[in-house]
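Before any comments, here is the structure.
The values are calculated or read from the model by the stated rules, or taken from the named source; none is laboratory data. Just so you know, these numbers come straight off a predicted model, no measurement behind them. Note: ideal-geometry Cβ built from the backbone for every residue, glycine included; neighbour counts use all protein chains shown.
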Amino acid sequence: MTLPRIESALPAGEDPVAYARLLRRVRDAALGGPAGPPAAPAPRAVIAASWRRVRSGGLDPAGGPEVPPLDPAELHRRRAASGLAELMPVLRSRLLPAAEAAGQILVVVDPSGRVLWREGGAAVRRRADALGFVEGSAWDEHSVGTNAIGTSLVVDAPMHVYAGEHYAESHQPWTCAAAPLHDPVTGRLLGAVDLSGPAHTVHPATVALVDAVCRLASLELAVAYERRLERLRALAAPLLARLTGPALVVSADGGIAAATGLLPPGRVALPSSLRAGPMWLPALGRCTVEPLPGGWLLRPGPPAEGAAAVVLDLSAVPARLHVSGPSGGWDATVSTRHAEILLALVRHRDGRSAAQLARDLFGDPARTVTVRAEVSRLRRTLGPLLDSAPYRIPPDVRVSVRLPPDPALLLPGSSAPLVAALRG
């Protein structure tokens, strides 16, 4: 696994006060404020890209949209549905002491950038209150501009944003370091974790600390998931021994616990409204579904009749996929890389070779090993909806794509040549 490069907003050895003044001049020159010095350096590439996204959305650096915080009932509902509540003990134990010692707050947000938890000392919480940085507030780029939380969710990487790198004028006196948090099994984005505080509390190592703790929390999720699968396997063993024909037992989120009579996929994409009875699933076709404690028994039957339909929604962040078949449908979020692959295959319904996809994604036809690995992961979700040799979506599958209203906002975290050309 390749770890992302973690870059602090404050270079080692720089005086924080002097560097904050420099960032202010850089920001003023880039965003149309008072003219900076002729030799003013350019902002970091990730910051410049974020400023362009935010400006294209029409956000005023001096103000911003009035996005009210969630009411207490909705905040409670989102906390319960987030899957993050079970991680709060490890996040508190590893990060809250550092936050309180530095005069910062610990913030945990959902994938949309809504603040679910905000904890820390009373003094810094009062300062955050003055910014509207409260539980239930929206801290995505669209709502408050460039910041570590919102920008880390867009680029899906750890982010440190300091002083004048913030887009909003009111955020200039702050420093923040955030990292995205993923489900280690499905890869689904769960949200982000952040340490924020007044600019004088900046430390270059904070973003690395936050990222390391997020990885520790993700590992805890993986261990808990394996325990659940082991319990399901113990339940499934005698059940499968009595059956004839192919069958498999999956967890509530599609993880494979046990199988007989077939080579199972890596996981099965399950619809959110899975129910007992006949069901069409993309990795297996027509199945009979039976509920089990903590999971499902799936018994593949004859192939389903009728064509499947796929909708790739690139107007959503992250991108979403909706697949419908004769017996129902399912929805899932897809990573930026998998969205790029699907977009290339939609544009080339006759198919793409690994080298052609490598050129679409990386501008380098030699990177076929990476392409094959990514397509293999994508096929675990799509199953028979993705052919190989060449890679293509079968001709009998209806496909449609929803694009963002502004082409410049297409897959904002992508650097693929294919996407760059479409933005233009």
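Here are the numbers:
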read-out: Residues of the range 138-151 classified as surrounded by fewer than 24 Cβ atoms within 10 Å (Cβ to Cβ) and under 22 Å from residue 72 (Cα atoms), total; value: 3
read-out: Selection status of residue 107, in contact with a Lys or Arg (Cβ under 9 Å, 6 or more places away or on another chain), on the phi < 0 side of the Ramachandran plot and modelled with pLDDT of 95 or more; value: yes
read-out: Unique residue being over 22 Å from the mean Cα position of the chain (by Cα) and surrounded by fewer than 16 Cβ atoms within 10 Å (Cβ to Cβ) when the list is 417, 390; value: 390
read-out: Some residue of the range 196-213 being closer than 22 Å to residue 21 by Cβ, assigned to a helix (DSSP H, G or I) and in contact with a Leu (Cβ under 6 Å, 6 or more places away or on another chain); value: yes
read-out: Odd one out for residue 313 among (1) within 23 Å of the chain's Cα centre (by Cα); (2) modelled with pLDDT under 80; (3) not aliphatic (A, V, I, L, M); value: (2)
read-out: Selection from the range 298-309 of residues that are buried (at least 21 other Cβ atoms within 10 Å of the Cβ) and at pLDDT 85 or above; value: 298
read-out: Number of positions in the range 390-424 that are assigned to a loop (DSSP other than H, G, I, E, B), without any contact (Cβ under 8 Å) to a residue 12 or more places away in the chain and over 16 Å from residue 346 (Cβ atoms); value: 1
read-out: Per-region count, the range 141-165, residues of a type outside the set (A, V, I, L, M) and in contact with a Lys or Arg (Cβ under 8 Å, 6 or more places away or on another chain); value: 3
read-out: Residue list for the range 198-246, filter: under 19 Å from residue 6 (Cα atoms) and surrounded by 20 or more Cβ atoms within 10 Å (Cβ to Cβ); value: 202, 206, 207, 210, 211, 213, 214, 217
read-out: The range 276-297 - residue that is within 20 Å of residue 229 (Cα to Cα) and without any contact (Cβ under 8 Å) to a residue 24 or more places away in the chain and, of those, surrounded by the fewest Cβ atoms within 10 Å (Cβ to Cβ); value: 291
read-out: Tabulated pairs, the range 361-379, first part of a helix (DSSP H, G or I), second polar (S, T, N, Q), C-beta under 6 angstrom, 6+ apart or interchain; value: none
